[in-house]
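Undergrad: I have a structure I would like to understand better, so I am pasting it below and will then ask my questions one at a time.
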Amino acid sequence: MSEVVFDISMSLDGFITAGNQSQEEPLGEGGQQLHAWMEDERGQQILEEASGDLGAVIAGRETYDDSVPWWGSDGPTGPARCPVFVVTHEAPSDVPEDGVYTFITDGIESALEQAKAAAGDQTVSVMGGASIGQQYIAAGLVDEIGIHLVPVLFGSGTRLFENLGDEHIQLEIIDVTESASANHIRFRVSLK
């Protein structure tokens, strides 16, 4: 059975984008430094380890809209071409030809069901943004949370852990890895 992992980069003060987002800078002014860890040797190893068992990806519509110019038809996994299930209210009219994208308009549970079917025994990655991650966490549909904690304070932007409700969500640390530009922390979401 597939594990569901929500994995994302975050500033020390809890933002997954910097302030002043625009179409040219979807991560906000200076927000690209959240992904600088992917350039160092240890960061690349972490990416390779995570993608080795990846069977499907779930993304929100905003993440898709912001990223598809860079992803193209192959999606975020490039030549591996893992299927991407985009949760949206309405499918876009213009999509890359021969793309890996399926647009899901009937909710997060349906997207997860289809992603698990596509992934088989491999991992399903919920990759963001904040809203889609919050929905999956609040619904109790995430087995693991991976945070790439970047040593920067943005002060503003998109907060990751808002809108989760009042109930405590217990986490167990299962791994902490340091690299030159981030601490990579994996948490098991404890069952209630």
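The values are calculated or read from the model by the stated rules, or taken from the named source; none is laboratory data. None of these values were measured; they are calculated from a predicted model. Note: ideal-geometry Cβ built from the backbone for every residue, glycine included; neighbour counts use all protein chains shown. These area figures cover heavy atoms from the full protein model, side chains too; ligands, DNA and RNA do not enter into them. Shrake-Rupley method; radii C 1.70, N 1.55, O 1.52, S 1.80 Å.
Undergrad: Kindly indicate whether V87 is in contact with a strand residue (DSSP E or B) (Cβ under 9 Å, 6 or more places away or on another chain) and buried (at least 17 other Cβ atoms within 10 Å of the Cβ). Walk me through how you get there before you give the answer.
TA: Working: in contact with a strand residue (DSSP E or B) (Cβ under 9 Å, 6 or more places away or on another chain): yes; buried (at least 17 other Cβ atoms within 10 Å of the Cβ): yes.
When the stated conditions are applied, V87 passes them.
Undergrad: Can you say whether D106 is farther than 20 Å from T77 by Cβ, open to solvent by 70 Å² or more (accessible area, probe 1.4 Å), free of Cβ contacts under 8 Å to residues at least 60 places away in the same chain and of a type in the set (D, E), as far as the supplied structure shows? Reasoning before the result, please.
TA: Details: farther than 20 Å from T77 by Cβ: yes; open to solvent by 70 Å² or more (accessible area, probe 1.4 Å): yes; free of Cβ contacts under 8 Å to residues at least 60 places away in the same chain: yes; of a type in the set (D, E): yes.
Taking the combined requirement at face value, the residue satisfies it.
Undergrad: Could you list all residues from the range 121-140 that are outside any strand (DSSP E or B) and not polar (S, T, N, Q)? Steps first, answer last, please.
TA: First, the residues of the range 121-140 that are outside any strand (DSSP E or B): 121-122, 129-140.
Passing the criteria: D121, G129, A130, I132, G133, Y136, I137, A138, A139, G140.
Undergrad: Let me ask something else. Contact list please: Cβ distance under 6 Å, first residue in the range 12-40 and at positive phi, second residue open to solvent by 80 Å² or more (accessible area, probe 1.4 Å) and not small (G, A, S), pairs at least six apart or on different chains.
TA: Listed by first residue and then by second, the contacts come to G14/R159; N20/E29; G28/N20; G28/Q21.
Undergrad: So S179 fits all but one of (1) surrounded by 20 or more Cβ atoms within 10 Å (Cβ to Cβ); (2) in contact with a Lys or Arg (Cβ under 9 Å, 6 or more places away or on another chain); (3) of a type in the set (S, T, N, Q); what number is the exception?
TA: The number of the failed condition is (1).
Undergrad: Looking at the range 18-43 only, could you name the residues that are closer than 30 Å to A119 by Cα and open to solvent by 10 Å² or more (accessible area, probe 1.4 Å)? Let's see the steps before the verdict.
TA: Keep residues of the range 18-43 that are closer than 30 Å to A119 by Cα, which gives 26-27, 32, 34-43.
Within the range 18-43, P26, L27, Q32, H35, A36, M38, E39, D40, E41, R42 meet the criteria.
Undergrad: Can you name the condition, by its number, that L112 falls short on among (1) touching a strand residue (DSSP E or B) at 6+ places or on another chain (Cβ under 6 Å); (2) open to solvent by less than 30 Å² (accessible area, probe 1.4 Å)?
TA: All conditions are met except number (1).
Undergrad: Report every pair of residues separated by at least 6 positions or lying on different chains whose Cβ atoms are under 6 Å apart, first residue within the range 174-192 and in a strand (DSSP E or B), second modelled with pLDDT under 90.
TA: H184/I46
Undergrad: Looking at T158, T102, which one is assigned to a strand (DSSP E or B), at pLDDT 95 or above and among the hydroxyl-bearing types (S, T, Y)? Give the derivation first.
TA: Numbers: T158 fails: at pLDDT 95 or above.
Only one candidate qualifies: T102.
Undergrad: May I pose another question? Which residue is farthest from S156 (Cα to Cα), if the candidates are limited to the range 1-23 and must be acidic (D, E) and part of a loop (DSSP other than H, G, I, E, B)? Write out each step before concluding.
TA: Applying the first criterion (acidic (D, E)) to the range 1-23 yields 3, 7, 13.
Narrowing further to those that are part of a loop (DSSP other than H, G, I, E, B): 3, 13.
Numbers: E3: 32, D13: 9 Å.
Among those that are acidic (D, E) and part of a loop (DSSP other than H, G, I, E, B), it is E3.
Undergrad: Report every pair of residues separated by at least 6 positions or lying on different chains whose Cβ atoms are under 7 Å apart, first residue within the range 78-95 and in a loop (DSSP other than H, G, I, E, B), second surrounded by 13 or more Cβ atoms within 10 Å (Cβ to Cβ) and charged (D, E, K, R).
TA: Every condition considered, the pairs that remain are R81/D74; T88/R61.
Undergrad: Limited to the range 44-73, what total is found for residues that are over 13 Å from the mean Cα position of the chain (by Cα), surrounded by fewer than 20 Cβ atoms within 10 Å (Cβ to Cβ), free of Cβ contacts under 8 Å to residues at least 40 places away in the same chain and within 25 Å of I137 (Cα to Cα)?
TA: Here the count works out to 4.
Undergrad: To continue, here is another question. Among the residues of the range 153-170, write down those that are crowded, with 16+ Cβ neighbours inside 10 Å and either free of Cβ contacts under 8 Å to residues at least 40 places away in the same chain or in contact with a helix residue (DSSP H, G or I) (Cβ under 6 Å, 6 or more places away or on another chain) (or both).
TA: In the first step, residues of the range 153-170 are kept if they are crowded, with 16+ Cβ neighbours inside 10 Å; the result is 154, 157-160, 169.
Correct list: T158, L160, I169.
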